[in-house]
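Input: a single structure, listed below in structure tokens.
Read the figures in this text as sums done on the coordinates, not as results from a lab. The shown structure was predicted, so the numbers you read here are calculated from the model rather than taken from an experiment. Virtual Cβ from ideal backbone geometry, glycine too; neighbours counted across all protein chains shown.
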Amino acid sequence: MLTLYGAGIGKGIAIGRAFVMQRSAVEIPQYSIQASEIGSEVDRFQKALEDTRIQLREIESQIPADAPPESKSFIEVYLLMLKDPLIEQQPAETIREKLCNAEWALRKHSKALVDTFDRMQDPYLREKKNDVRQITSRIQDNLLHIPKQSTTAHPGQLEGRVVISHDLSPADTVQFKNQNIMGFVTDLGGPTSHTAILARSLKIPAVVGLHGATRYIRHDEVVIVDGKRGAIVMGADEGVLDRYRERQAYVIRRKRELDELRDAEPVTRDGQTVKLLANVELPDDMRAAQRSRAQGVGLFRTEYLFMNRTEPPSEQEQFSAYSQVVRRMKSSVTIRTLDLGADKQVDGGRSEDPTNPALGLRAVRLCLHEPGLFKPQLRAVLRASALGPVQVVVPMLSSLNELDQVFDMIAETKEELRQRGEDFDEEIPIGGMVEVPAAAVSADLFARRLDFLSIGTNDLIQYTLAIDRVDDTVNYLYDPLHPSVLRLIKLTIDAGEKAGIPVTMCGEMAGDARYTKLLLGMGLKIFSMDPTSIPEVKRKILEADLRRLPDEAEKIMACGDGNAIRDMVVAMEKL
Ligand code: PEP
Ligand code: MG
């Protein structure tokens with residue numbers, strides 16, 4: 001039996017057969033060939049192309065007829081790319097001219113193609129580089145005779161399996177929403193990466209940042225994923241499997257107990273009302289939001305509508321997605337404008353740009369830079385506001401100047417809609433996410449101009465402590481209780497209070513029941529989280545007495561010692 005540890009997500013246990021999706025990057029060999037070997041080397045290259053074509057058609061034929069159209073369209077894109085002269089013809093030319101091996105010739109041209117896409121202005125075309133990488137790595141696998149464990153599984157193949165992958169992008173993970181997978185394990189990644197956030201919303205246990213997962217876990221072997229301990233167990237005997245089955249049953253029992261609180265109002269023992277809202281990624285998540293009795297949508301991460309497709313969704317398509325959410329949630333829906341960039345790329349994969357994408361053209365910066373992407377979204381959101389209470393929240397604000405530009409764009413969009421005779425809420429509330437320390441420090445300035453603030457702790461912690469949230473090597477430093485983080489949260493809550501506007505928290509910290517009482521003590525009254533976290537947070541609220549919490553919170557805020565803070569937060573949980 002072998003147990004490996006990483007960062008756990010979710011409290012559950014999954015027991016199932018492994019589906020190994022990706023191997024770690026392989027070394028591409030480089031060697032010279034004799035002139036007499038040119039013919040056989042070119043043949044070898046062409047056979048690898050043909051094998052790749054056959055494999056793609058095979059995957060296509062296995063996709064069920066009722067699968068979403070996107071599941072087929074990526075195969076069509078790959079088949080088209082196989083016909084690109086830089087992939088189909090140029091490598092053969094290079095083999096002839098440079099007398100080099102096929103793998104190296106292919107690498108040279110695929111790199112040129114990746115670089116070409118990478119330089120493009122249009123974010124959709126830029127993301128095509130990930131398709132080039134996918135397709136060329138398939139050809140390389142065929143050249144190197146690497147057994148195909150499939151890098152792109154069709155939906156049915158993953159049903160009931162534990163997915164093991166070197167890395168999963170949010171774009172990959174969001175596709176799991178339609179597939180009944182049991183759990184997943186990745187070599188890379190941190191617990192607040194978007195991939196991990198999606199695992200939580202899928203209600204499946206996962207372990208990320210488990211280096212060597214793809215090396216040690218064999219395709220098809222039975223594995224246990226323990227989300228709470230962040231462990232994966234291989235080669236377990238019946239006795240161990242039984243113990244895990246018992247724990248699985250315990251987790252289910254506990255969940256049922258919490259479900260009994262479903263209809264209770266989130267009110268503290270001393271009668272203070274708290275709001276519990278849901279974070280959603282796709283309209284389908286509304287089922288979970290309604291089941292957990294969320295009192296509204298506090299964060300609709302619209303960027304997921306833009307992933308796994310070749311073109312951005314049209315205004316009409318976006319309007320239809322936003323309307324579905326608004327119609328299903330009678331209370332307020334907060335739609336966040338596009339937060340693409342950093343780890344959320346339209347076609348998955350990580351940016352290989354050597355500059356740090358988390359500090360680059362992301363979120364509101366990207367939207368202001370690409371009005372062609374931003375305006376249709378604003379029109380769609382505004383139109384949805386005619387159907388029910390909608391608020392707009394803008395991600396990653398760092399200066400008031402950006403806010404001015406956003407206001408201008410919204411004003412222009414409203415005018416366009418008036419001209420078109422479309423209905424919308426003229427008074428639609430506009431809020432800002434506080435996720436950059438600059439915004440938290442100036443929260444009072446932002447609060448004067450906005451209708452509400454929403455604290456995005458995932459990014460706020462990343463940027464305050466200078467820790468990339470997807471980099472597991474620095475993950476041990478990721479600390480929601482760091483005094484600097486707590487002070488920025490407090491500054492924001494107080495600024496909102498002073499300006500008389502609501503302050504929500506929608507980062508993962510809001511859904512972590514260990515921090516509920518501390519946040520209540522700091523003055524937070526609106527929490528937005530993955531719907532699965534609502535019952536546990538609600539239980540803490542029902543137990544809490546707000547008359548006792550602010551003093552404790554103040555003591556914690558005044559303490560600079562991390563261990564003492566942790567002990568005090570644990571003690572506070574019992575209040
Ligand atoms: C956050 O940063 O806390 C947040 C809610 O936004 P996201 O996780 O989508 O970056
Ligand atoms: Mg964020």
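Quick notes
- Extreme residue, positive dipole direction of the stretch 37-144, given options VAL42, GLN121, LEU106 (C-beta unit charges): GLN121
- Global form of the stretch 379-463, assessed from the alpha-carbon gyration tensor, a/c cut-off 1.5: prolate
- For the chain, the spread of Cα positions along each principal axis, largest first, Å: 86, 69, 46
- Extension gain from GLU427 to LEU2, taking 0.36 nm per residue of separation minus the Cα-Cα distance: 147.1 nm
- Share antiparallel - DSSP beta bridges, the chain, percent rounded to 5: 35
- Value of D in µm² per second that Stokes-Einstein yields for the stretch 425-565, Kirkwood Rh from Cα pairs, at 37 °C (0.692 mPa s): 212
- Using the Karplus relation 6.51 cos²θ - 1.76 cosθ + 1.60 with θ = phi - 60°, the per-residue 3J(HN,Hα) values for the stretch 440-450 come to 5, 5, 9, 4, 5, 5, 5, 4, 5, 9, 10 Hz, with x marking Gly and Pro.
- Protection proxy ranking, peptides 533-542, 377-386, average beta carbon neighbours within 10 Å, highest first: 377-386, 533-542
- Cα extents of the stretch 296-401 along the three principal axes, largest first (Å): 45, 33, 23
- P(r) tail fraction, the stretch 431-481 - alpha-carbon pairs more than 17 Å apart, %: 38
- Dividing the summed -39500 (n - 2.57) terms of all DSSP H runs of n ≥ 4 by the residue count of the chain sets its mean residue ellipticity at 222 nm at -14000 deg cm²/dmol.
- Extent along principal axes [Cα atoms of the stretch 261-574; Å; largest to smallest]: 57, 47, 35
- Scaled against the 2.2 N^0.38 Å expected of a compact globular protein of N residues, the Cα radius of gyration of the stretch 505-575 reads 1.05.
- Given +1 at the Cβ of Lys and Arg, -1 at the Cβ of Asp and Glu and no other charges, the dipole of the stretch 451-575 around its Cα centre is 460 debye to the nearest 20.
- Least to most buried among GLU422, GLU257 (fewest other Cβ within 10 Å first): GLU257, GLU422
- Distant alpha-carbon pairs in the stretch 242-374 (separation over 23 angstrom), percent: 52
- DSSP beta bridge pairing in the stretch 261-574, given as percent antiparallel to the nearest 5: 5
- When the Cα gyration tensor is reduced to axis lengths a ≥ b ≥ c, the ratio a/c is 1.5 or higher for the stretch 37-144, and with a/b not above b/c it is classed as oblate.
- Backbone geometry of the stretch 311-328 corresponds, through the Karplus equation with coefficients 6.51, -1.76 and 1.60 at θ = phi - 60°, to 3J(HN,Hα) couplings of 10, x, x, 5, 4, 5, 5, 5, 4, 5, 5, 5, 5, 4, 5, 5, 5, 7 Hz, x marking Gly and Pro.
- For the stretch 331-475, the share of alpha carbon pairs falling in successive 10 Å distance bins from zero is 11, 39, 34, 14, 2, 0 percent.
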